[in-house]
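To keep things clear, I will list the structure first and then write my remarks on it.
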Amino acid sequence: MIKLIKNELFKIFHKKSIYVLAGIMLAFVILNNIVYKVFYDDNSNYISQTLNDSSWEIDYYSEELKNLDINKESDKEEYISCKTSYDIAVLHSSYQIGTWQYNIIDTRLYDIIYNINYYTYIEKNDKLLKEYQDKYDYYINSFENNNFKVFIKEELDSTQKEIDTLEKEKKTITSTKRLKEIEDSLNILYIKKEMINYRISNDVPYSNSYLNTAIEDYIDTYTYLNSTTVDSLSYNEKIEYNNNLSKNATSKYIIDNKIDLNQENTVRNNLRCIFNSYEILIVILIIIISGTIISNEFNKGTIKNLLIRPYKRSTIFISKYISSFIILILSIIYLVFLELIVGGILFGLDSLNIPIVVYNFTTSSLVEYNIFTYLGILILAKMPLLILIMTLSITLSTITLNSPISIAVPILGYTFSGIIGSLAMSFDLKWMKYFPTMNWDLTEYLFGGLPAFQYTSLSHAIIISIIYFAIMFTLSIIVFNKKNIKNI
């Protein structure tokens with residue numbers, strides 16, 4: 001058997017096609033890493049989304065204002081609204097997208113600017129106008145001096161007022177329902193207050209930094225979780241609940257440890273997402289190898305050289321199957337190696353020290369993994385998909401002896417598997433739980449996760465995958481054993 005496997009691997013590695021595919025993989029890895037290097041900044045922000053071009057917005061509102069008459073009663077409200085939007089756009093143009101100043105212009109300055117315009121053009125009130133103008137000038141001065149703590153302090157004062165109001169009301173309430181509502185609101189406000197104090201003590205502005213994102217995500221997800229009753233959720237809502245649960249715990253981890261777990265432009269992230277980026281390459285390579293490993297032998301007549309040897313036909317078939325599987329494993333190792341080399345050159349290897357943090361729904365806790373341990377788990381979870389694709393290809397190769405069919409059908413099946421899954425979920429086709437493509441990707445079930453298709457489970461998916469594998473593998477051996485080679 002070992003000698004046969006060595007012979008098969010020797011033949012595979014003497015094919016030009018495998019080196020062409022290896023070169024394509026290298027090109028894809030280089031291109032993927034360059035994309036992350038060029039298009040993402042150090043805060044994981046897509047660079048094109050941080051380029052500030054407010055000129056079109058300014059021009060648009062400027063033209064709109066020309067068509068409005070402030071002295072015309074019917075235009076007054078629209079004029080003030082449009083003028084405020086114009087002023088906001090002009091103010092936005094002074095700051096880069098993603099800075100804390102840019103991010104809080106809409107939330108903190110819109111009402112002030114609106115009132116300045118209102119008391120300037122509609123209700124002439126010098127006292128109120130000066131009050132709002134002074135506040136505007138104070139904010140702009142804080143912008144220019146990079147004094148973001150002014151806004152944090154305001155948010156803290158506002159939150160504390162809400163807490164005090166609810167605490168006071170709580171003492172006078174007898175209604176159980178209202179008391180529950182107050183308790184829920186207070187829980188959210190106390191979390192919000194905690195995060196505001198965290199901003200102050202750690203100098204975290206409202207910019208697009210990973211810590212600011214984590215703080216906002218933590219508050220948002222906590223608010224969602226605190227206001228959601230799990231027992232009444234539909235299946236899709238349970239998936240959303242789990243996503244928020246995971247995001248909440250991960251955000252808290254980032255906040256507590258000050259580690260950017262979601263940074264895009266790192267070799268760690270590219271390894272973590274290796275199947276998202278390169279799975280199609282692995283699939284194509286293994287389909288081409290397994291889809292030709294038997295059919296080419298028969299079509300070229302070289303199968304006779306194997307069959308005259310003292311080996312059973314089943315042994316010959318199994319050696320070819322194992323050889324295909326070895327190529328599958330080697331292709332994954334090759335991609336990991338390429339990512340380490342190319343990613344390491346472009347981004348360095350420091351990010352490999354950052355753990356992969358996942359939420360385990362079974363134990364309701366966060367779990368830390370070394371990147372390579374996590375990658376091993378991911379590879380095992382992807383194996384049913386890759387093995388079933390490979391087995392289908394080698395089965396078609398054995399039955400039809402037609403390499404194009406053996407390659408085309410599995411590629412089409414893989415390509416349209418997503419569409420099949422979407423149709424099954426859209427039309428609630430429960431019977432589709434027995435279809436292989438609905439079961440072959442076990443990554444959905446990792447760490448107690450819920451699959452997108454509610455009628456499957458981890459045990460069900462494994463059983464279905466084993467059944468389809470057994471059927472195809474057995475059929476392949478039977479057909480291979482009975483193939484007539486007299487006319488070859």
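Name the pairs: first residue in region 163-186 and under 22 Å from Thr223 (Cβ atoms), second residue small (Gly, Ala, Ser), Cβ to Cβ under 7 Å, at least 6 apart or on different chains?
Pairs that qualify, where the first residue is under 22 Å from Thr223 (Cβ atoms) and the partner is small (Gly, Ala, Ser), are Leu166/Ser185; Asp184/Ser227.
In this structure, does Ser295 turn out to be surrounded by fewer than 18 Cβ atoms within 10 Å (Cβ to Cβ), among the polar types (S, T, N, Q) and either more than 30 Å from Phe372 (Cβ to Cβ) or within 26 Å of the chain's Cα centre (by Cα) (or both)? Don't jump to the end; show me each part of the working.
Values: surrounded by fewer than 18 Cβ atoms within 10 Å (Cβ to Cβ): no; among the polar types (S, T, N, Q): yes; either more than 30 Å from Phe372 (Cβ to Cβ) or within 26 Å of the chain's Cα centre (by Cα) (or both): yes.
When the stated conditions are applied, Ser295 does not pass them.
Among the residues of region 8-41, write down those that are of a type outside the set (D, E, K, R), closer than 30 Å to Pro310 by Cβ and without any contact (Cβ under 8 Å) to a residue 24 or more places away in the chain.
Pass one, region 8-41, residues of a type outside the set (D, E, K, R): 9-10, 12-14, 17-36, 38-40.
After this cut, where a residue has to be closer than 30 Å to Pro310 by Cβ as well, the list is 9-10, 12-14, 18.
Residues satisfying the conditions are Phe10, Phe13, His14.
Residue check, Tyr95 against (1) part of a helix (DSSP H, G or I); (2) at pLDDT 90 or above, all met but one. Which one?
The number of the failed condition is (1).
Would you mind telling me which numbered condition in (1) among the β-branched types (Val, Ile, Thr); (2) under 37 Å from the mean Cα position of the chain (by Cα); (3) not assigned by TED's automatic domain parsing to the domain that holds Lys66 Thr107 fails?
Evaluating Thr107 over (1) among the β-branched types (Val, Ile, Thr); (2) under 37 Å from the mean Cα position of the chain (by Cα); (3) not assigned by TED's automatic domain parsing to the domain that holds Lys66 leaves (3) as the failure.
Every residue, every condition in (1) at pLDDT 95 or above; (2) closer than 23 Å to Asp111 by Cβ; (3) outside the structural domain of Asp87 (by TED's automatic domain parsing); (4) not in a helix (DSSP H, G or I), yes or no:
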| site | (1), (2), (3), (4) |
| --- | --- |
| Lys168 | no, no, yes, no |
| Ile173 | no, no, yes, yes |
| Ile182 | no, no, yes, no |
| Tyr198 | yes, no, yes, no |
| Ile215 | yes, no, yes, no |
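Among the residues that make up region 243-256, is at least one of them in contact with a helix residue (DSSP H, G or I) (Cβ under 7 Å, 6 or more places away or on another chain) and assigned to a loop (DSSP other than H, G, I, E, B)?
For region 243-256, residues in contact with a helix residue (DSSP H, G or I) (Cβ under 7 Å, 6 or more places away or on another chain) and assigned to a loop (DSSP other than H, G, I, E, B): absent.
Kindly establish whether Leu261 is of a type in the set (A, V, I, L, M) and in a helix (DSSP H, G or I).
No.
Residue-wise test of (1) at pLDDT 95 or above; (2) among the aliphatic types (A, V, I, L, M); (3) in contact with a Leu (Cβ under 8 Å, 6 or more places away or on another chain).
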{"residue": "Leu375", "(1), (2), (3)": "yes, yes, yes"}
{"residue": "Met390", "(1), (2), (3)": "yes, yes, yes"}
{"residue": "Leu401", "(1), (2), (3)": "no, yes, no"}
{"residue": "Ser417", "(1), (2), (3)": "no, no, no"}
{"residue": "Ser426", "(1), (2), (3)": "no, no, no"}
{"residue": "Asn487", "(1), (2), (3)": "no, no, no"}
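Scan region 155-179 residue by residue and report those that are under 30 Å from Thr99 (Cα atoms) and exposed (fewer than 14 other Cβ atoms within 10 Å of the Cβ).
Looking only at region 155-179, we keep the residues that are under 30 Å from Thr99 (Cα atoms), and these are 155-163.
Within region 155-179, Asp157, Ser158, Gln160, Lys161 meet the criteria.
Could you check, for region 265-278, whether at least one of its residues is part of a helix (DSSP H, G or I), under 17 Å from the mean Cα position of the chain (by Cα), of a type in the set (Ser, Thr, Tyr) and within 20 Å of Val367 (Cα to Cα)? If you could, list the steps in order and put the result at the bottom.
Filtering region 265-278 for residues part of a helix (DSSP H, G or I) gives 267-272, 274-278.
Those left that are additionally under 17 Å from the mean Cα position of the chain (by Cα): 267-272, 274-278.
After this cut, where a residue has to be of a type in the set (Ser, Thr, Tyr) as well, the list is 277-278.
Add one more test, that the residue is within 20 Å of Val367 (Cα to Cα), and what stays is none.
No, every residue in region 265-278 fails to be part of a helix (DSSP H, G or I), under 17 Å from the mean Cα position of the chain (by Cα), of a type in the set (Ser, Thr, Tyr) and within 20 Å of Val367 (Cα to Cα).
Which one of these is over 20 Å from Asp157 (Cβ atoms) and surrounded by fewer than 18 Cβ atoms within 10 Å (Cβ to Cβ): Tyr210, Tyr198, Tyr190, Tyr224?
Details: Tyr210 fails: surrounded by fewer than 18 Cβ atoms within 10 Å (Cβ to Cβ); Tyr198 fails: over 20 Å from Asp157 (Cβ atoms); Tyr190 fails: over 20 Å from Asp157 (Cβ atoms).
Unique residue meeting the criteria: Tyr224.
Restricting attention to region 68-80, which residues are surrounded by fewer than 16 Cβ atoms within 10 Å (Cβ to Cβ) and hydroxyl-bearing (Ser, Thr, Tyr)?
Within region 68-80, Ser74 is the sole residue that qualifies.
Please go through (1) crowded, with 19+ Cβ neighbours inside 10 Å; (2) more than 30 Å from Leu4 (Cα to Cα); (3) of a type outside the set (S, T, N, Q) for Leu366 and return the number of the only condition it doesn't satisfy.
(1)
For region 367-464, which helices (runs of 4 or more DSSP H) that fit wholly inside it have 3 or more residues that are touching a residue at least 24 places away in the same chain (Cβ under 8 Å) and over 29 Å from Asn481 (Cβ atoms)?
Those helices (runs of 4 or more DSSP H) span 371-400, 417-426.
In region 457-466, is there at least one residue being surrounded by fewer than 19 Cβ atoms within 10 Å (Cβ to Cβ) and under 27 Å from Thr292 (Cβ atoms)?
yes
Could you tell me whether any residue of region 226-238 is closer than 29 Å to Thr107 by Cβ and among the hydroxyl-bearing types (Ser, Thr, Tyr)?
Checking region 226-238: at least one residue is closer than 29 Å to Thr107 by Cβ and among the hydroxyl-bearing types (Ser, Thr, Tyr).
The values are calculated or read from the model by the stated rules, or taken from the named source; none is laboratory data. Note that this is a predicted model, so its numbers are computed, not measured. FYI the Cβ positions are ideal-geometry reconstructions off the backbone, even for glycines, and counts take in every protein chain you see.
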